[in-house]
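The values are calculated or read from the model by the stated rules, or taken from the named source; none is laboratory data. Only a predicted model underlies this, so the values are computations on that prediction, with no experimental measurement involved. Ideal geometry is used to build each Cβ from the backbone, glycine not excepted, and the neighbour counts take in all protein chains shown.
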Amino acid sequence: MTDYFVLAISCIFVNNILLAQFLGNCPFLGTSKKMETAAGMSMAVVFVLVMAGIITWITDTYLLKPLNIEFLRTLSFILVIASLVQFVEMFLKKSIPGLYAGLGIFLPLITTNCAVMGACLINIKEEYTFLQATVASFSYAIGFGLALVLFAGLRERINIARVPQPLQDTSLGLVTAGMIALSFYAFKGMV
Amino acid sequence: MAQSIAKEFTKGLWAELPPFRLVLGLCPVLAVTQSVENGIGMGLATTFVLICSNFLVSLLRNIIPAKVRIACYIVIIATFVTIVELLMQAFVYELFLKLGIFIPLIVVNCIVLGRAEAFAGKNAPHMAIADGLGMGIGFTLSLGALGAVRESLGAGTILGTPLFGPDFQPFTFMVQAPGAFVCLGLMLCLMNLIGKK
């Protein structure tokens, strides 16, 4: 039990997928201008990343490894993720229209979100068991959401401030992200 | 004719320089630029995928149905990424280990899919190759430049050769995660300054 707890903490804080592993930076900068879009994106990532983590782990363990075709990992993972996203989108549209309206535009973007693909690849690289992979995927997604929401909050404040022209928008956004990364750096000693 | 090819080629070098102007494909830009060598290696791998996928997408642009085009593009890109992965594993194994999961992640690099969707799917093959080559070289140069700044300040070396003599205290912040964000942000600011004039 403690092992899983330590794994979760390390995935959320120490190895935060956005700030320490540099995965998923495009949506990090793209959807963080407003709190609502940031929250929507985070929800969508939590939803898809956990499912993708589980399904790619099963694909790798029971399909690619027994057949010795690991070189097809990249191709099969991206296909799994793309079809999963499509499937989730259709399912939500039919059965939970409220959630679909909230996540709607963010779902298709997730296919090319490298946080999802990256987390799946890390799960395989670290040779996690099924339960570990599930916990890790969930924690990575939570870490992603946490960093994104924090960042969106800061950016909303920065928008009010007067910033020198060349630094505006993405430029200052990146520097701010650096500061958040620095504060997450303090968690390094924890695990 | 030759002029328009040159135009498609050069726009990737400055006017639409991928990581800075379009702010796309930032993950590898931030993650692998601790040194010049890693940056350029990653850039070249991406360039190869960009040119090949642009060419194939452009050749097939009248055959692929519009509804499933994104899925087709992804399969094309993933195929070339797998080729790069296997080639690097065979010939530059050390670099392959250093770049780690960022090689397979070229699949989800927004620049590659973005160029396929925005350019190659609508233009003739020779134009698509020029576009891919320009974008790829622009991307490689940006990675190299960022790598040079971070490596020289963070480790005091360029391509492994010491720059500042034995008394230099490395500014290690630059080669760590937070430094990547700050450094890219400041370089973007510098580009905005130059672009304004």
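Some observations on this one:
- Filtered by the rule that a residue be without any contact (Cβ under 8 Å) to a residue 24 or more places away in the chain and touching a Leu at 6+ places or on another chain (Cβ under 8 Å), region A:100-142 gives a lone residue, A:Tyr100.
- Residue in region B:111-127 that is in contact with a Gly (Cβ under 6 Å, 6 or more places away or on another chain) and within 13 Å of chain A (Cβ to nearest Cβ) present: yes
- Residue selected from region B:78-130 under the condition more than 15 Å from B:Val49 (Cα to Cα) and among the small types (Gly, Ala, Ser), by the criterion modelled with the highest pLDDT: B:Ala90
- Selection from region A:1-60 of residues that are modelled with pLDDT under 85, among the charged types (D, E, K, R) and assigned to a helix (DSSP H, G or I): A:Glu36
- Some residue of region B:117-135 being in contact with a strand residue (DSSP E or B) (Cβ under 7 Å, 6 or more places away or on another chain), outside any loop (DSSP other than H, G, I, E, B) and over 30 Å from A:Ser76 (Cα atoms): no
- Flag if B:Leu87 is within 14 Å of chain A (Cβ to nearest Cβ), part of a helix (DSSP H, G or I), under 19 Å from the mean Cα position of the chain (by Cα) and farther than 22 Å from B:Leu13 by Cβ: yes
- Checking B:Gly132, B:Gly136 one by one, the residue that is more than 14 Å from chain A (Cβ to nearest Cβ) and either within 27 Å of A:Ser183 (Cα to Cα) or out of contact with any Gly (no Cβ under 8 Å at 6 or more places or on another chain) (or both) is B:Gly132 and no other.
- Top-ranked residue in region A:87-125 [being under 24 Å from B:Cys110 (Cβ atoms) and not in a helix (DSSP H, G or I); ranked as nearest to the other protein chains (Cβ to nearest Cβ)]: A:Thr112
- Some residue of region A:153-169 being in contact with a Cys (Cβ under 8 Å, 6 or more places away or on another chain) and without any contact (Cβ under 8 Å) to a residue 40 or more places away in the chain: yes
- All positions within region B:59-92 that are farther than 15 Å from A:Phe71 by Cα and aromatic (Phe, Trp, Tyr): B:Tyr73, B:Phe91
- Filtered by the rule that a residue be at the interface with chain B (Cβ under 8 Å from one of its Cβ atoms) and either touching a residue at least 12 places away in the same chain (Cβ under 8 Å) or under 12 Å from A:Leu148 (Cα atoms) (or both), region A:15-27 gives A:Leu19, A:Ala20, A:Gln21, A:Leu23, A:Gly24, A:Asn25, A:Cys26.
- Selection of region B:136-160 for residues being touching a residue at least 24 places away in the same chain (Cβ under 8 Å) and part of a loop (DSSP other than H, G, I, E, B) yields B:Ala155, B:Leu159, B:Gly160.
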